[in-house]
Amino acid sequence: MTNSVQPHGRHRAPLPPAQEPAAGVPTPRAPQTPTAATLSHAAAGNTAPSGKPGSTGQPAKQRDAFFDNAKYLAIVLVAMAHSWEPLTDHSRAAEALYMTVYTFHMPAFILISGYFSRSFDMRADRLKRLVTGVAVPYVIFEVAYTFFKRYADDDPTQPISLLDPWYLTWFLVALFVWRLTTPLWKVVRWPVPLALAIAVLATISPDIGDDLDLQRVLQFMPFFVLGLFMKPEYFQLVRRREVRLLSIPVFASALLLAYWAAPRMTSAWFYRRDSAQELGAPWWAGVIMTLALFGCSAVLTACFFAWVPRRKMWFTVLGAGTLYGYLLHGFLAKGSRFWGWFEDYEWMHKPAGEVLVTLVAATVVTLLCTPPVQRMFRFAMEPKMEWAFKRDAAALARERSKASSGAG
């Protein structure tokens, strides 16, 4: 962490500007870093432009601890919420906590994704990273999830369909689409209102269907677009002491509202995968819910960022592996349903059991974000695939120039 400030002061150094977007879930990255694999080393120090620690050259910029901390904490909330889902039928308190966390954990994750996609354009190296860091992992995990479901759920007829994302892979499809549309959002006059209008139209359009999970792509898109136009000082603003203090009653009010709403509404609204009509509501309810959820999500996301540490913590290094934790924990989350753990063990539905399940989920996803796991699954998450792409003419010219100057 380069900011030499005290953790609880009112006056802080501004956050560094956004850097190059990383593959998959965006990660603070130094310009021209060739693959996301080198980022697991960058949290510990600088890397050279070649991406190899210890190589000669100009040092790359260090990762920013704030965003790594935010991504790690968000992915822990994702895993915890998935563990609460089977408990919500028997516990109103679990349902209230589930709805509250679902209001902001993915919006926060997506907003960070947009923030670190600000420099994305159609340049060849960035398109390559988009393919190797998003599209290829989508194909690999979609196939892997399908075979897992065939085995674990005893469903040998489960088809492999790249047009119908299963479980967690929808995020990769969405990120691919959102990032490709980044240049468009930069030229329109009112990007966030336009994205919100598209989300509203999607909510009242049941004919969109399930292909590529377009409902989620369109309904979550305003958060990505909002992230595109966030500035470092906006994150600095929510770190003020008065905002942190105000976030406490805001979160408490959200929990109370969720506790009241739990038996009165379906939590499917928070998934954003269906239209209002598909949820049994009139079309105008979709308009209201989309705007209301966007407002609530924005407020709770700001409250979440207010409590994210800015200094380097023990879990900061795990921020580089959040996409690993996100996709890999899905096997255990779904397996626990397929194997009937929550039905066979009644103690899980007791308060002590619910706490234990929460701790287990947080621990598992933490372990899945660690560097050893990243190294083990990098072939699937961050393949280099240099064989699949043409060499960039400018890069080849630079190499020839260096070779000729060295020979001289």
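The values are calculated or read from the model by the stated rules, or taken from the named source; none is laboratory data. Not measured: the values here are computed from a predicted model. With ideal geometry, Cβ positions are generated from the backbone for all residues, glycine too; neighbour counts draw on all protein chains shown.
Does SER91 qualify as being buried (at least 23 other Cβ atoms within 10 Å of the Cβ), of a type in the set (Ser, Thr, Tyr) and closer than 30 Å to ALA258 by Cβ? No. Out of curiosity, is GLY340 among the small types (Gly, Ala, Ser) and surrounded by 15 or more Cβ atoms within 10 Å (Cβ to Cβ)? Considered against the rule, which asks whether it is among the small types (Gly, Ala, Ser) and surrounded by 15 or more Cβ atoms within 10 Å (Cβ to Cβ), GLY340 comes out as no. Annotation: TYR115 fulfils all but one of (1) under 30 Å from VAL299 (Cβ atoms); (2) touching a Ser or Thr at 6+ places or on another chain (Cβ under 8 Å); the unmet one is (2). All of (1) farther than 26 Å from CYS303 by Cβ; (2) outside any helix (DSSP H, G or I); (3) in contact with a helix residue (DSSP H, G or I) (Cβ under 7 Å, 6 or more places away or on another chain) hold for MET230 with one exception: (1). Taking each residue of segment 138-161 that is within 19 Å of TYR326 (Cβ to Cβ) and of a type in the set (Lys, Arg) and looking for partners that are modelled with pLDDT under 95 and in a helix (DSSP H, G or I) with beta-carbon atoms closer than 8 Å, six or more apart or interchain, yields LYS149/LYS334; LYS149/PHE338. Summed over segment 126-175, the residues that are surrounded by fewer than 18 Cβ atoms within 10 Å (Cβ to Cβ), among the hydroxyl-bearing types (Ser, Thr, Tyr) and closer than 22 Å to PHE109 by Cα give a count of 1. Scanning segment 95-151 for residues that are in a helix (DSSP H, G or I) and of a type in the set (Asp, Glu), we see that the one that is farthest from MET80 (Cα to Cα) is ASP125.
Residue pairs whose Cβ atoms lie under 7 Å apart, sitting 6 or more positions apart in sequence or on different chains, and linking a residue in segment 234-250 that is among the β-branched types (Val, Ile, Thr) to a partner that is surrounded by 15 or more Cβ atoms within 10 Å (Cβ to Cβ) and modelled with pLDDT of 90 or more, are VAL238/ALA302; VAL238/PHE305; VAL238/ALA306; VAL243/ALA306; VAL250/VAL299; VAL250/CYS303. Filter segment 312-363 for residues that are at pLDDT 90 or above and not in a helix (DSSP H, G or I) and give the result. Of everything in segment 312-363, those that are at pLDDT 90 or above and not in a helix (DSSP H, G or I) turn out to be LYS312, MET313, TRP314, PHE315. Just one of (1) in a helix (DSSP H, G or I); (2) closer than 26 Å to TRP387 by Cα fails for LEU168. It is (2). Inside segment 257-300, residues that are part of a loop (DSSP other than H, G, I, E, B), in contact (Cβ under 8 Å) with a residue 12 or more places away in the chain and over 15 Å from PRO222 (Cα atoms) make up a count of 6.
Residue by residue, here is whether (1) within 23 Å of TRP185 (Cβ to Cβ); (2) modelled with pLDDT of 90 or more; (3) crowded, with 16+ Cβ neighbours inside 10 Å; (4) not aromatic (Phe, Trp, Tyr) holds:
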residue	(1), (2), (3), (4)
LEU228	yes, yes, yes, yes
ARG244	no, yes, no, yes
SER253	no, yes, no, yes
TRP260	no, yes, no, no
PRO263	no, no, no, yes
THR266	no, no, no, yes
